[in-house]
Amino acid sequence: MGKKRRTVISYTNNDRRITHSVIPFMYFLVFSWTLLVSSTSASSQPNLQGTDDPGSRTLKQEDPQVHEVHCSRERSRVAWSIIEEYLMPFVERENYHLSSQCRLNSSNDLFRDQEEHKIHHDVNEWRCGYCKKSFYAEKHLDQHFDNRHYNLINSNGKCLADLCGALHCDLKMDSKSRKSKCNPAAAARNRHLCESVADGCFPVNYGPSAARLHDLFLRQFCDAHTCSRGKKPFSKGGRKHTSVFYLAISILTLMLLPVFYLIVYLYQREMRKGTQELKRISKIGQKTKPS
Ligand SMILES: [Zn+2]
């Protein structure tokens, strides 16, 4: 009997030892599994920030219910505004036509058609050019395009935001100059991307205007991809804008100019009157002297 009881006790002790060692192991398994799941779901998130990755992103086609585009609309818009401001004036001046192979050609922009169907009526009024629905903010209209007019995305287009590294989008997006440390590897990567865009859009053997624009593109965008100081992007300048400030100043000047002349005229008239009076007084004095 005693022997039997002892074996039973030893068995239950063993069991307890097993459960004691199994429970932490189970916890560890569950913990590592949740970590794995969260990391994979994070990596499969759409890349909305956009990176300097030169590879183009395409439409997500696996799931017809989700019309996700792995390309930042906002950064694409910034890239487009940079092209418009700092490249197109020179391209227009040379009367040069960007080929369809050129990544900067508007026909290669994923969002170009949608962006051109934005009607900006007022500060707080944005209208959809396809269905005329209006929105308070541009981001809501963007959302509307994503939800309702996803089929009007240029499916043959490429993500313009992928060229942001070459085109200095970050500089344009942050009004304050960032004091982040320069990364030589990233600068070299962006420079390479920048030069490949120049080669693709302005092949030097295409003629003198292509060669000139190739050189301009390097000076304007690529030279600044370096960690050595002194090189600034957009060194060749951009499109000339008639800003509201200058317009106000010139209108004010035009309005004040007649007032200024009127004051000068009145002052001179008063002065003339004063001298004539003095002359008359002196004449009277001369006449009264001999008597
Ligand atoms: Zn619409």
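The length gained on full extension between His70 and Ala211, counted as 0.36 nm times the residue separation minus their Cα-Cα distance, comes to 47.4 nm. One chain, two ends: Asp223 and Leu171. Fully extended at 0.36 nm per residue, the span grows by 17.2 nm beyond their Cα-Cα distance.
Stretch Arg239-His120 to full length: gain in nm at 0.36 nm per residue minus the Cα-Cα span? Provide the component values of the computation, followed by the final result.
Numbers: separation 119, 0.36 × 119 = 42.84 nm, distance 2.14 nm.
Contour length minus Cα-Cα distance gives 40.7 nm.
Can you tell me how the range 151-220 classifies by the Cα gyration tensor, rounded, prolate or oblate, using a/c under 1.5 as the rounded cut? Verdict is oblate for the range 151-220. Spin-label model, Ala188/Ala248: points 7 Å from Cα along the beta carbon direction are separated by 4.9 nm.
Which of the residue pairs Lys172/Lys232; Lys118/Lys240; Lys158/Lys240; Lys172/Lys236; Lys181/Lys231 have a Cα-Cα distance greater than 18 Å in the structure shown?
Working: Lys172/Lys232 13 Å; Lys118/Lys240 24 Å; Lys158/Lys240 29 Å; Lys172/Lys236 16 Å; Lys181/Lys231 16 Å.
With Cα atoms farther than 18 Å apart: Lys118/Lys240; Lys158/Lys240.
For the range 178-251, the percent of C-alpha pairs falling in each 10 Å distance bin, counted from 0 to the bin holding the largest distance, reads 18, 35, 24, 17, 6, 0. Computed log10 I(q)/I(0) for the range 94-143 at 0.13, 0.23, 0.25 Å⁻¹: -0.42, -0.78, -0.85, from the Debye equation with unit scatterers placed on every C-alpha and solvent omitted.
Values in this text are rule-based calculations from the coordinates and carry no lab data. Source: prediction; values computed, not measured. Note that each Cβ is placed from the backbone with ideal geometry, even for glycine, and that neighbours are counted across all protein chains shown.
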